[in-house]
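Down below is the structure, laid out as structure tokens.
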Amino acid sequence: MRAKSILTEAKQIERAITLIKLGARLQVLESETDLSYERLLRLYKEVAGKSPSKGQLPFSTDWFMTWQPNIHASLFLNTHEYLNKVAEMEEIDTIIKAYQLYLEQTQSQGLEPLLSVTRAWRLVKFVDNGMLTMTACSKCGGHFVTHPHEIAKHYVCGLCNPPARAGKGKASGGLQLH
Ligand SMILES: [Zn+2]
């Protein structure tokens with residue numbers, strides 16, 4: 001059982017600032033803190049130096065299924081699952097930490113981080129809802145984001161089976177998920 005701590009306001013503000021710096025959408029902040037919308041809006045403008053972008057959050061799981069995004073999402077989710085097991089953190093703090101590690105990993109490989117923190121947050125929600133899961137690749141054994149009913153016996157990941165147009169190993173920049 002994870003102890004549900006009552007966050008002090010200072011802790012909530014700190015968390016909101018971290019998320020804003022990582023580029024989170026305002027909806028993420030609203031969902032993950034108890035701060036008022038007005039407060040968050042002010043904070044956002046202060047920290048980001050601009051107004052938050054309007055419009056809806058991405059609702060679809062499709063993005064995570066496309067080739068390169070799937071590799072990035074899988075990299076993040078592997079880290080997230082690992083932290084979830086070993087660290088006693090609240091879910092949003094696990095997301096923040098896993099996302100920071102994802103940024104470090106992509107930077108060290110000289111890759112553009114395709115996964116935004118908002119999408120990473122969304123991904124964890126999709127996994128919580130059972131709309132997405134992870135399946136082990138039948139070739140390399142790495143765990144990748146898939147729909148829940150993927151048949152593991154036949155599943156081959158995007159690193160083992162890149163689309164024909166992609167130079168092998170190029171887009172993934174040598175990322176390893178196993
Ligand atoms: Zn594979």
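The values are calculated or read from the model by the stated rules, or taken from the named source; none is laboratory data. Since we're looking at a predicted model, the values are computed, not measured. Glycine gets a Cβ as well: all are built from the backbone with ideal geometry, and neighbour counts include every protein chain shown. What goes into the accessible areas is simple: the full protein's heavy atoms, side chains included, and nothing from ligands, DNA or RNA. Shrake-Rupley method; radii C 1.70, N 1.55, O 1.52, S 1.80 Å.
If you roll a 1.4 Å probe over the stretch 9-48 with all protein chains in place, what percent of the accessible area is carbon or sulfur?
44 percent
What is the distance, in nm, between label points placed 7 Å from the Cα along the Cα-to-Cβ direction at K11 and at Q109?
The answer from the label model is 3.4 nm.
Here are some pairs, K11/K85; K45/K85; K45/K97; which of them have Cα atoms lying more than 26 Å apart in this structure?
Where the Cα-Cα span goes over 26 Å, the pairs concerned are K45/K85.
Relative contact order of the chain: what whole-number percent is it, with Cα pairs under 8 angstrom and at least 6 residues apart?
Contact order relative to length: 20 percent.
What's the longest piece of the chain with no exposed GluC sites (Glu not before Pro), counting a site as exposed if DSSP puts it in a loop and it has at most 16 other beta carbons within 10 Å?
1-87
Could you work out [θ]222 nm for the chain from helices alone, using -39500 (n - 2.57) per DSSP H run of at least four and dividing by all its residues? Round to the nearest 500 deg cm²/dmol.
The per-residue figure over the chain is -15000 deg cm²/dmol.
So, with a 1.4 angstrom probe, what is the percent of accessible area on the stretch 62-146 that is carbon and sulfur?
Looking at the stretch 62-146 in its full context, I get 48 percent from C and S.
D for the chain, whole µm²/s, Stokes-Einstein with Kirkwood Rh over alpha-carbon pairs at 25 °C and 0.890 mPa s: what number?
Here the translational diffusion coefficient equals 141 µm²/s.
Assigning unit charges at the beta carbon (Lys, Arg +1; Asp, Glu -1) and nothing else, what dipole magnitude in debye, to the nearest 20, does the chain show about its Cα centre? Mind dumping the intermediate values first?
Values: 21 positive and 17 negative charges, 103 e Å.
Computed charge dipole of the chain: roughly 500 debye.
Of N129, N84, N70, which is the most mobile in a GNM of the chain whose springs link Cα atoms less than 10 angstrom apart?
Evaluated over the chain, the most mobile residue of the options is N129.
For the stretch 1-76, with every protein chain kept in place, what is the accessible area per residue (1.4 Å probe, Å²)?
59 Å²
Give the residue from T33, L22, A136 lying farthest towards the positive end of the charge dipole for the chain; charges sit on Cβ (+1 for Lys and Arg, -1 for Asp and Glu) and the dipole is referred to the Cα centre.
Result: A136.
After finding the eigenvalues of the alpha carbon gyration tensor for the stretch 94-138, what semi-axes result from the square roots of 5 times each, listed largest first in whole Å?
Value: 21, 14, 9 Å, ordered largest first.
Comparing I95, I20, I71, which has the greatest mean-square fluctuation in the GNM of the chain with Cα pairs linked when under 10 Å apart?
In this elastic network of the chain, the residue with the biggest mean-square fluctuation among I95, I20, I71 is I20.
Just Q109, Q56, Q12 to compare: in a GNM of the chain, with alpha carbon springs under 10 Å, which one fluctuates most?
Maximum fluctuation in the GNM of the chain, among the listed residues, is at Q56.
Of the trypsin sites (Lys or Arg not before Pro) in the stretch 6-82, which ones lie in a loop per DSSP and count no more than 16 other C-beta atoms within 10 Å?
When the trypsin sites (Lys or Arg not before Pro) of the stretch 6-82 are filtered for loop state and at most 16 Cβ neighbours within 10 Å, K50, K54 remain.
Starting from the stretch 119-156, pick out the trypsin sites (Lys or Arg not before Pro) whose DSSP state is loop and whose Cβ has at most 10 other Cβ atoms within 10 Å. Spell out each step's value before the answer.
Working: sites: R119, R122, K125, K139, K153; in loops: K139, K153.
Taking the stretch 119-156 and a limit of 10 other Cβ atoms within 10 Å, the loop trypsin sites (Lys or Arg not before Pro) found are K153.
Would you work out if the stretch 62-146 is rounded, prolate or oblate? Take a ≥ b ≥ c from the square roots of the eigenvalues of the alpha-carbon gyration tensor; rounded if a/c is under 1.5, else prolate when a/b is larger than b/c, oblate otherwise.
rounded
Cα extents of the stretch 9-48 along the three principal axes, largest first, in whole Å?
19, 17, 17
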